[in-house]
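Read the structure below first, then the notes.
The values are calculated or read from the model by the stated rules, or taken from the named source; none is laboratory data. This is a predicted model, so every value here is computed, not measured. Please note: Cβ atoms are built from the backbone with ideal geometry, for glycine as well, and neighbour counts cover all protein chains shown. Please note that ligands, DNA and RNA were not included when accessible areas were found on the heavy atoms of the full protein model with its side chains. Shrake-Rupley method; radii C 1.70, N 1.55, O 1.52, S 1.80 Å.
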Amino acid sequence: LVLSNPYIRWIAALFLLLNLVNTTGEFILATLVEDRANEVASGDPGAWIGSFYGDFYFWVNIGAIGVQALLVSRLVKWTGLAGVLFLLPAISLGTYGLVAFGVGLGVFRWAKTAENLTDYSVMNTAKAMIWLPTSKAEKYKAKAAIDTFVVRIGDVASAAVVYVGLNLLGFGPQQFGMINLAAIAAWLFVAFQVWRHYRSADTEEGAEEAGDDGREAEAAA
């Protein structure tokens, strides 16, 4: 089902790139946090790291709740799928652009907070909406394959990028930020293809409904 439908193939590519970028971003964050912990808490860096992540995920979850409650429905109403589909890669582009320019942990943590809370709220809505034009079999079978197998491929791809970057090329956070920028460029292209196919399917569905309404009206006349 995934391979036979061009629209679903684009969805699979979208999920793969999303996870590649996000997982690599988590590695960048962990690297910066560990470096800072070794600088400021030489006695007990583990406690500092735990405190940092507790505060980080507190604001991520608070922000995600607020955005989901107050913004997402309005964004869908005003912009349709485009607004919720393109917002996360746009924020990710800014987030890793900052990393590529060498910003420190103080700035990156808030950019990453914005990225994560958008992923957990706005992007989750987009992930549900893109399946609306598909068949029942595609919703229950192809979606399950993408949510498990393809998402994990994205994680494995990120692990491969990190392994090669660290062990063979000696990359630091800036270089991994540049890699993410390249992946986000591909992600934006794929998101555009998903949106284009979604609009096409939605238009065809509307035309079919209009035709059915017309036939019913003729029959009634």
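Ignoring ligands, DNA and RNA, what percent of the accessible area of region 1-154 is carbon or sulfur (1.4 Å)? The C+S portion of the solvent-accessible surface of region 1-154 is 67 percent. Close amide H pairs (under 5 Å, H built 1.01 Å from N) link GLY172 with no residue at least 5 positions away or on another chain. If you compute semi-axes √(5λ) of the Cα gyration tensor in Å for the structure shown, which of (1) 24, 21, 17; (2) 40, 19, 14; (3) 29, 20, 17 do you land on? Of the listed options (1) 24, 21, 17; (2) 40, 19, 14; (3) 29, 20, 17, (2) comes from this structure. Computed over the chain with a Gaussian network model linking Cα atoms closer than 10 Å, the most mobile of TRP59, TRP78, TRP131 is TRP78. Of all the options ALA64, ALA128, ALA159, the one that moves most in a Gaussian network model of the chain with Cα springs shorter than 10 angstrom is ALA128. Here the Karplus curve 6.51 cos²θ - 1.76 cosθ + 1.60, taken at θ = phi - 60°, turns the phi angles of region 73-83 into couplings of 4, 5, 5, 5, 5, 7, 10, x, 5, 3, x Hz, with x standing for Gly and Pro.
For the chain, the per residue solvent-accessible surface stands at 52 Å², with DNA, RNA and ligands left out and a 1.4 Å probe. A simple count of charges around SER158, restricted to other residues whose Cβ falls under 12 Å of its Cβ and scoring Lys, Arg +1 and Asp, Glu -1, yields -1.
How big is D for region 1-91, in µm² s⁻¹ as a whole number, if Stokes-Einstein is applied with the Kirkwood radius of its Cα pairs at 20 °C and 1.002 mPa s? D = 132 µm²/s.
Give the calculated FRET efficiency between ARG196 and TRP78 to the nearest 0.05, with a Förster radius of 30 Å applied to their Cβ-Cβ distance. After rounding, the FRET efficiency stands at 0.95. Distance between the 7 Å Cα→Cβ label points at LYS141 and ASN5: 1.1 nm.
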